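Written out below as structure tokens is the structure these notes cover.
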Amino acid sequence: MSVALYARGGGCGAKAAAARRSGRGGGGRRRAAVVLLLALAYVAGLLVFVLAGGGGVGGRVEVGREVGVMTVASLRRRRAAAAAAAQPGSVYRSHLVFERLWPDIRDDASSASAAASSLSSTSWRRSMLMTSHYQNPGELWMPCVNRKLIRPELPPSNGYLMIEANGGLNQQRLSICDAVAVASLLNATLVIPAFHFNSVWRDHSKFGDIFDEDHFIETLKEHVRVVKELPIDVLTRFNHNISSIPNMRTKAYSSPNHYMQKVLPKLLELGAVRIAPFSNRLAQSVPSNLQALRCFVNYQALRFAEPIRVLAEDMVERMVKRSTLTGGKFVSVHLRFEEDMVAFSCCTYDGGLKEKTEMENARERSWRGKFHRHGRVINPEANRRDGKCPLTPLEVGMMLRGMGFDNTTSLYVASGKIYNAEKYMAPLRQMFPLLATKDTLALPEELAEFEGHSSRLAALDYSVCLPSEVFVTTQGGNFPHFLMGHRRYLFGGNAKTIKPDKRKLVLSFDDPNIRWNRFKRHMQDILHHSDMRGTALRKPNDSIYIFPMPECMCQQDGMM
């Protein structure tokens with residue numbers, strides 16, 4: 001309102017003037033208050049806008065002289081982490097669940113023992129757990145790889161193939177089987193594979209330290225020529241330097257056509273080629289004769305070196321003797337809770353700052369900056385919900401007890417050096433007093449020649465797990481995959497394997513107030529669905545080493 005209009009609308013004299021002055025003073029204070037409130041509302045609105053994902057350039061918020069800089073991306077990550085933490089299964093609470101349920105677990109074992117006391121001591125008290133509910137006796141499969149192999153007379157060799165196997169024991173095994181198949185395809189003479197020294201496994205073992213070289217060469221002689229070393233005359237052509245031999249770098253899962261078109265011409269030209277690294281360098285689906293040859297190598301040509309075989313046989317015999325309460329039958333568990341596995345998974349447990357520091361150091365030691373690359377986001381909560389976290393020994397023990405394996409179960413644990421073993425192994429031993437490892441089955445002097453050689457130690461574990469009545473896999477990887485396939489091959493196409501759904505499993509470990517009966521129902525449901533995957537035929541993109549049927553086995557009448 002203008003001053004003139006305001007004057008015309010008012011009275012005259014001193015009182016009117018005083019009233020006007022009084023009115024102007026009160027209105028000024030009110031306007032100042034409104035401005036202040038508006039300013040505060042603006043700041044509050046700006047903060048809400050930024051936290052909701054908006055904000056000014058660079059997400060900069062300025063209040064007085066204090067400046068806080070927070071990017072929109074980091075705010076979103078914080079909100080996502082906060083939301084994830086609230087989702088079931090995001091946080092490791094298994095130790096709290098164990099504390100709550102241990103009295104019930106202990107009492108349940110006593111009841112089961114009393115109920116089973118009338119059974120023969122040589123019977124397997126949990127026989128219903130030992131055989132898949134979905135096995136069809138009319139569909140028994142038998143090994144018949146010999147019948148499927150074609151044996152034409154070997155033509156003159158096209159040259160020498162050298163490969164470098166990388167990784168741990170079973171990744172090396174995969175490389176060897178594939179190398180024989182490629183050598184057959186190229187009609188090449190295979191030089192006994194070299195093993196790449198790995199920064200994680202840190203094992204300097206050579207082929208002959210792990211596998212029986214002479215048996216390997218003799219078994220394959222009708223299918224592929226194999227020699228221990230490159231002949232001197234060939235090596236001389238390359239100045240006695242193997243690195244001078246051209247390395248035919250090959251993409252993963254290359255087809256047979258790739259080898260015929262790209263590698264064979266170079267082999268014919270030079271007389272020798274290398275392929276390094278060679279892990280997973282041949283496609284899963286190849287002609288049937290190559291598939292049969294892969295199986296022949298894996299199950300017949302590759303056997304462990306004599307020192308490993310002799311000790312492993314003794315260990316299996318000792319394990320059977322320790323399992324008198326279950327008729328000599330035992331359960332084997334592949335436990336992946338070594339420091340490098342925990343570090344690589346980027347999962348968090350209950351070790352606090354000490355654990356965090358140890359895992360950071362382990363990641364940097366083995367993978368040098370890989371986990372701090374630009375754009376890489378580590379989300380332990382999402383990893384756990386997605387079933388990517390290695391199960392702790394405690395979780396494995398609770399799962400098996402919930403599935404019905406009581407404290408009379410003889411358990412063999414295959415693993416490397418368990419992270420913080422004193423803490424994490426104690427509850428597993430508490431639940432399974434008849435627990436054994438290679439360190440308890442073998443004498444220190446028997447293990448002395450294998451110490452420091454992770455692949456040889458893994459070979460001992462593999463050999464003891466192979467004849468077990470039940471095999472439990474907890475994390476995936478080449479060890480359980482090869483073992484599952486080998487057990488299928490040996491035991492009629494169906495060997496009892498427990499492969500838990502860890503997405504479901506973490507939900508049961510999330511509630512410290514869960515009751516034992518409810519927990520058991522969850523575990524038995526997981527066991528039931530694991531049984532459904534007992535017998536399986538290989539699909540086009542599956543590995544022959546996991547699913548040897550139908551290429552390497554025949555139904556019922558198949559004979560070796």
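The values are calculated or read from the model by the stated rules, or taken from the named source; none is laboratory data. Predicted model only: the values in this text are computed from it and were never measured. With ideal geometry, Cβ positions are generated from the backbone for all residues, glycine too; neighbour counts draw on all protein chains shown. Heavy atoms of the whole protein, side chains included, go into the accessibility calculation; ligands, DNA and RNA do not. Shrake-Rupley method; radii C 1.70, N 1.55, O 1.52, S 1.80 Å.
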Of (1) of a type outside the set (A, V, I, L, M, F, W, C); (2) farther than 30 Å from VAL470 by Cβ; (3) touching a His at 6+ places or on another chain (Cβ under 9 Å), GLY402 fails just (2)
Considering the range 504-560, residues that are of a type in the set (S, T, N, Q), touching a helix residue (DSSP H, G or I) at 6+ places or on another chain (Cβ under 8 Å) and outside any loop (DSSP other than H, G, I, E, B), and then whichever is modelled with the lowest pLDDT, we arrive at GLN555
Reported set for the range 173-218 where residues are under 15 Å from ARG281 (Cβ atoms), outside any strand (DSSP E or B), open to solvent by less than 10 Å² (accessible area, probe 1.4 Å) and of a type outside the set (D, E, K, R) is SER175, ILE176, CYS177, ALA179, VAL180, ALA181, VAL182, ALA183, LEU186, ALA188, PRO193
Requiring at least 1 residues that are open to solvent by 50 Å² or more (accessible area, probe 1.4 Å), of a type in the set (A, V, I, L, M, F, W, C) and in the same structural domain as PHE98 (by the TED database), the helices (runs of 4 or more DSSP H) wholly within the range 286-395 are 306-322, 339-345, 352-367
Per the filter on the range 528-545, residues surrounded by 18 or more Cβ atoms within 10 Å (Cβ to Cβ) and among the hydrophobic types (A, V, I, L, M, F, W, C) are ILE544
Every listed condition ((1) surrounded by fewer than 18 Cβ atoms within 10 Å (Cβ to Cβ); (2) in contact (Cβ under 8 Å) with a residue 60 or more places away in the chain) holds for PRO152 save (2)
LEU457 vs (1) surrounded by fewer than 22 Cβ atoms within 10 Å (Cβ to Cβ); (2) over 26 Å from PRO550 (Cα atoms): all pass except (1)
Pairing a residue in the range 319-344 that is within 20 Å of ARG401 (Cβ to Cβ) and touching a residue at least 60 places away in the same chain (Cβ under 8 Å) with any residue that is in a helix (DSSP H, G or I) and open to solvent by 10 Å² or more (accessible area, probe 1.4 Å), where Cβ atoms lie under 6 Å and the two sit 6 or more apart in sequence or on different chains, gives HIS334/PHE479
Counting only residues in the range 471-498 that are polar (S, T, N, Q) and under 21 Å from LEU394 (Cβ atoms), the one most open to solvent (accessible area, probe 1.4 Å) is identified as GLN475
For THR409, the lone unmet condition from (1) part of a helix (DSSP H, G or I); (2) of a type in the set (Ser, Thr, Tyr); (3) in contact (Cβ under 8 Å) with a residue 40 or more places away in the chain is (1)
Exercise. Within the range 416-431, identify whether any single residue is in the same structural domain as LEU335 (by the TED database), in contact with a Leu (Cβ under 8 Å, 6 or more places away or on another chain), open to solvent by 60 Å² or more (accessible area, probe 1.4 Å) and not acidic (Asp, Glu), and answer yes or no.
Key: yes
Looking at the range 107-115, can you tell me whether even one residue there is over 30 Å from PRO512 (Cβ atoms), of a type in the set (D, E, K, R), open to solvent by 10 Å² or more (accessible area, probe 1.4 Å) and modelled with pLDDT under 85? no
Of the listed residues (ARG237, ARG274, ARG225), the one being in the same structural domain as LEU186 (by the TED database), closer than 22 Å to GLN291 by Cα, of a type in the set (D, E, K, R) and surrounded by 12 or more Cβ atoms within 10 Å (Cβ to Cβ) is ARG225
Scanning the range 246-261 for residues that are farther than 11 Å from ALA276 by Cα and in a loop (DSSP other than H, G, I, E, B), the one most open to solvent (accessible area, probe 1.4 Å) turns out to be TYR253
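Conditions tested, residue by residue: (1) touching a helix residue (DSSP H, G or I) at 6+ places or on another chain (Cβ under 9 Å); (2) farther than 30 Å from ASP203 by Cα.
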position: TYR412; (1), (2): yes, no
position: LYS423; (1), (2): no, no
position: ARG429; (1), (2): yes, no
position: PHE432; (1), (2): yes, yes
Considering residues that are among the aliphatic types (A, V, I, L, M) and in a helix (DSSP H, G or I), the number found within the range 436-453 is 3
Filtering the range 265-285 for residues that are over 17 Å from ILE163 (Cα atoms) and part of a loop (DSSP other than H, G, I, E, B) leaves a count of 2
Residue hits (the range 154-172; hydroxyl-bearing (Ser, Thr, Tyr) and assigned to a strand (DSSP E or B)) are TYR160
